[in-house]
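These notes concern the structure reproduced below.
The values are calculated or read from the model by the stated rules, or taken from the named source; none is laboratory data. Remember, it's a predicted structure, so these values are computed and weren't measured experimentally. Positions of Cβ are generated from backbone atoms using ideal geometry, with glycine treated the same way; all protein chains shown enter the neighbour counts. Areas reflect the complete protein model, heavy atoms only, side chains present, ligands, DNA and RNA absent. Shrake-Rupley method; radii C 1.70, N 1.55, O 1.52, S 1.80 Å.
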Amino acid sequence: MGKQPCNLKRTKIGDEIYGLIKKLYPICRSITGNGIRESLKIIKQHIPIKINEVPTGTKVFDWTVPKEWNIKDAYVLNEDGNKIIDFNNNNLHVIGYSAPINKTVNLEELQRHLYSLPELPEAIPYITSFFKETWGFCITHKERKKLKKGKYKIFINSTLKNGHLTYGEIFVPGKTKKEIFLSTYVCHPSMANNELSGPAVTTFLVKWILNQPRKYTYRIIFIPETIGSITYLSKNLDVMRKNMIAGFNVTCVGDTRVYSYLPTKEGNTYADRIALNVLNFKAPDFINWSYLDRGSDERQYNSPGVDLPVVSIMRSKYDSYPEYHTSLDNLKLITPKGLSGSYEILSKCLDIIENNAKFKIKTLCEPQLGKRGLYPSTNTKSTINEVSDILNFIAYADGTKDLVEISNIINIPVWNLYPIIKKLKQAKLLKESDI
């Protein structure tokens, strides 16, 4: 019971996760296209995901899978022939899903298709237009202010054609059909915390899951945000609703500023209880956001009629840090320490779910611990605390409370209860039952 969630040192696991992010970072991704396929193939080198394709035009609830978008090149040339915007320098320079174009425009028309951030003059914004055909470029406000009147050559070598929406999935069976669900997205271009920290940490969580004894079955998906979760739910909702006991949307888990928690719609599911217990012990200064602050795929998983118990444990939450959806969300913003910390907290959540149970002490009144070697022959501060912890656990081991409830009451982390339970089991003092 209670095996360590990580067999590697935290620094090593953080470095390995960071290394995967560095490999994925240059790829231009969107909600469809070759960027997602390339990213999933890299992830598949680490874990045995299945790559699935859903055709353009497929109806998924109230939505339709869009045309597939791919891009090879894009730039803006000034009259001197200099590239003032170059997609190959930063793939955020082009609005996601921009239609192909090759023409010359004046500055006034160019400005109507430019996006910048006056409040962050050094940042390139991330802008998309998935469901309305247009074209455009993103530029730092500092460079935009330098533009002069004249003619500008506009070139975007992209395609919008019938194709597929692509996602990755891995299904890891356990002893029971009851499922734990992990969801992360792979649809943003070169951004580190908002995009790549999620799939990279999830990849290494899957590695850990595959190497642990499992009570529960795991369903893990790597999808394009929003349209991907809607598509996946349209195919799997019935079985997920039947079997899922807890789920985690994994995003924005790479920096070291803060931990964040976003609950389910009602805030009272098993996933909420697990997340809050771990955060209260591991990161008690975390920010407790409201479901009204939602903005990722938890919107779909908690929507009316779906109502799946999916929470988000993050570092700096999306749309709450200044670098969000800009070129400043880069490899300098995230750290191996931040990534390993998120990995540790999420793996703690999974570990608790795997080991959670209800326990009942077999004796009436307190058991005689001394004759079982559980009471020290000499009293010191540490032994008194140890006995106190055992007796406090026994006091609430009434067969009605699970480990999370007992942990919350006696203010001891669940993982510190594991050795107590082991000792009491060896002494044949405990009955265990499923939650």
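The table that follows gives values for the structure above.
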read-out	value
Close pairs from the stretch 291-303: first over 17 Å from Cys187 (Cα atoms), partner crowded, with 18+ Cβ neighbours inside 10 Å, Cβ under 6 Å, at least 6 apart	Tyr291/Pro263; Tyr291/Lys265; Tyr301/Leu308; Tyr301/Val310; Asn302/Thr264; Asn302/Lys265
Among (1) under 27 Å from the mean Cα position of the chain (by Cα); (2) open to solvent by less than 30 Å² (accessible area, probe 1.4 Å), the one test that Ser116 misses	(1)
Pairs with Cβ under 9 Å, 6+ apart, first in the stretch 37-57 and without any contact (Cβ under 8 Å) to a residue 40 or more places away in the chain and over 12 Å from Ile223 (Cα atoms), second open to solvent by 40 Å² or more (accessible area, probe 1.4 Å) and in a helix (DSSP H, G or I)	Ile42/Lys23
Neighbours by Cβ (under 6 Å, 6+ apart or cross-chain): first from the stretch 331-351, within 26 Å of Pro189 (Cα to Cα) and modelled with pLDDT of 95 or more; second open to solvent by less than 10 Å² (accessible area, probe 1.4 Å) and among the hydroxyl-bearing types (Ser, Thr, Tyr)	Ile334/Ser197
Filter result (outside any helix (DSSP H, G or I), in contact (Cβ under 8 Å) with a residue 60 or more places away in the chain and open to solvent by less than 10 Å² (accessible area, probe 1.4 Å)) within the stretch 221-248	Phe222, Ile223, Pro224, Ala246, Gly247, Phe248
Meets criteria (over 29 Å from His46 (Cβ atoms), open to solvent by 80 Å² or more (accessible area, probe 1.4 Å) and at pLDDT below 95) for Lys161	no
Wholly within the stretch 106-197, strands (runs of 3 or more DSSP E) carrying at least 2 residues that are more than 18 Å from Asp329 (Cα to Cα) and of a type in the set (D, E, K, R)	151-161
Qualifying residue in the stretch 141-148 (condition: touching a strand residue (DSSP E or B) at 6+ places or on another chain (Cβ under 9 Å), of a type in the set (Asp, Glu), in contact (Cβ under 8 Å) with a residue 12 or more places away in the chain and open to solvent by 40 Å² or more (accessible area, probe 1.4 Å))	yes
Some residue of the stretch 198-215 being buried (at least 24 other Cβ atoms within 10 Å of the Cβ), out of contact with any Leu (no Cβ under 8 Å at 6 or more places or on another chain) and assigned to a loop (DSSP other than H, G, I, E, B)	no
Given (1) in a loop (DSSP other than H, G, I, E, B); (2) out of contact with any strand residue (DSSP E or B) (no Cβ under 7 Å at 6 or more places or on another chain); (3) modelled with pLDDT of 85 or more, number of the condition Leu374 does not satisfy	(3)
Residue that is surrounded by the most Cβ atoms within 10 Å (Cβ to Cβ) [pool: residues in the stretch 349-374 that are over 20 Å from Phe281 (Cβ atoms) and among the polar types (S, T, N, Q)]	Gln368
Positions within the stretch 292-314 being surrounded by fewer than 16 Cβ atoms within 10 Å (Cβ to Cβ), touching a helix residue (DSSP H, G or I) at 6+ places or on another chain (Cβ under 9 Å) and not in a loop (DSSP other than H, G, I, E, B), in sequence order	none
Residue, farthest from Ser327 (Cα to Cα), within the stretch 9-63, restricted to residues that are part of a strand (DSSP E or B) and open to solvent by less than 60 Å² (accessible area, probe 1.4 Å)	Val60
Candidates Asn102, Asn82 - the one that is touching a residue at least 40 places away in the same chain (Cβ under 8 Å), more than 25 Å from Asn193 (Cα to Cα) and open to solvent by 40 Å² or more (accessible area, probe 1.4 Å)	Asn102
